[in-house]
Amino acid sequence: MRRHHKAAVAVAGIATICAAVGLTHAQPQTSPQRPDALSEGEKDLLHEAEETLTRSCMAGKGFKTWVIPRRPVPDDREFPYVIDDVEWASRHGYGNDILAQRAKVRVSDPNRQYFAGLTSSERQRALDALHGEKSGKRISVKSPNGMTISRVDGGCTADAQKALYGDLDTWFRVLTVTDALETLRSSMTAGDAEFAKSVKDWSACMYARGLPYKSPQEARAAFLKPHRRISREREIRAAVTEARCAARSGLSRTIHRLDEQHGTRLRRQYQDEVRTRLRMENEALPHARAAVRSS
């Protein structure tokens, strides 16, 4: 989905808060030496807790928000290199149906509708309540991609994350750094010479089956053009062929190997941030459960 407080993002995917429900960040009795990676369900729980706390906080300031699921379109998936899941492709093709569902979610988002219905002055007050006033203290972090990312240390989103994770400065730093690693890993994998060679093998497989595309990106663009009407049957057939060619050509295996190789290198380089994020997330789970139970 997504984070750095532009108004539209703020309305579409509101996240987080704390003190409004009287939640304090007590330290857990034990802190795991090697915290486990979170399951999808645990990620959903942390998201729900942030949104639940945000709703309570905003209500205390005279505004409304609604809890939106982390994955409002459950079957939505990202394939950054190539579609390599035949079963998914057989249901969704290249994902035109998923894009339509995303658009429907955006239009029906009660948070977006609520903020859009406020007057200009009310909307600004609501955004200040949500994300803090622009004149407030700022936290800045240099991302691994070289960009400096900032946020305000104030408002309901900040209070929620303080309730769940404790130290907002540390949480924002490790979140910014580790989120950037995914994009860096993808760039490193896609720029690898072995990846380029495997793409040529994939392209030959596709060409032999009547789909003359030089890359998965080219194929995807051909079937996701908004002004072209392509039958769902044709889209699904092409996507399934792409997935099968990803396996037959070895592209899928190459991707997984390179992805893990570059991912391991990045995790080692930024091991302190990776470990700290995992520790903070694991320690936040009891507070998240308490927040959701009390809502």
*Would you please list the contacts, defined by Cβ atoms under 6 Å and residues six or more apart or on different chains, that run from a residue in the stretch 98-122 that is closer than 24 Å to Gly62 by Cα to a residue that is at pLDDT 95 or above and aromatic (Phe, Trp, Tyr)?*
Pro110/Trp66; Asn111/Trp66
*Any chance Gly93 is open to solvent by less than 20 Å² (accessible area, probe 1.4 Å) and either in contact with an Asp or Glu (Cβ under 8 Å, 6 or more places away or on another chain) or modelled with pLDDT of 95 or more (or both)*: yes
*asked:* Can you pull out every residue in the stretch 149-165 that is over 18 Å from the mean Cα position of the chain (by Cα) and of a type in the set (A, V, I, L, M)?
replied: Val152, Ala158, Ala160, Ala163, Leu164
*All but one of (1) buried (at least 18 other Cβ atoms within 10 Å of the Cβ); (2) part of a strand (DSSP E or B); (3) not aliphatic (A, V, I, L, M) hold for Ser150; which doesn't?*
(1)
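Do we have any residue at all in the stretch 246-254 that's within 22 Å of the chain's Cα centre (by Cα) and either open to solvent by less than 100 Å² (accessible area, probe 1.4 Å) or over 29 Å from Lys142 (Cβ atoms) (or both)?
No: zero hits.
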*Mind checking which pairs have a first residue in the stretch 156-167 that is surrounded by fewer than 24 Cβ atoms within 10 Å (Cβ to Cβ) and a second that is in a loop (DSSP other than H, G, I, E, B), Cβ under 7 Å, 6 or more apart or different chains?*
Asp159/Ile17; Asp159/Cys18; Lys162/Cys18; Lys162/His25; Gly166/His25
*Of everything in the stretch 205-236 that's among the hydroxyl-bearing types (Ser, Thr, Tyr) and either open to solvent by less than 70 Å² (accessible area, probe 1.4 Å) or in a loop (DSSP other than H, G, I, E, B) (or both), which residue is farthest from Asp84 (Cα to Cα)?*
Ser231
*Counting only residues that are open to solvent by 50 Å² or more (accessible area, probe 1.4 Å) and among the polar types (S, T, N, Q), which one in the stretch 169-202 is farthest from Gly154 (Cα to Cα)?*
Ser187
*asked:* From the list Ala160, Ala180, exactly one residue is over 30 Å from Thr254 (Cα atoms) and part of a helix (DSSP H, G or I). Which is it?
replied: Ala160
*asked:* Within the stretch 255-266, take every residue that is within 27 Å of Ile98 (Cα to Cα) and open to solvent by 20 Å² or more (accessible area, probe 1.4 Å) and give me the one that is farthest from the chain's Cα centre (by Cα).
replied: His256
*Hey, can you tell me all the residues within the stretch 45-77 that are part of a loop (DSSP other than H, G, I, E, B) and buried (at least 22 other Cβ atoms within 10 Å of the Cβ)?*
Thr65
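The values are calculated or read from the model by the stated rules, or taken from the named source; none is laboratory data. Every value quoted in this text rests on a predicted model; they were computed, and no experiment measured them. When we count neighbours, we look across all protein chains shown, and the Cβ atoms used for this are built from the backbone with ideal geometry, even at glycine. Surface areas here come from the heavy atoms of the whole protein model, side chains and all, with no ligands, DNA or RNA. Shrake-Rupley method; radii C 1.70, N 1.55, O 1.52, S 1.80 Å.
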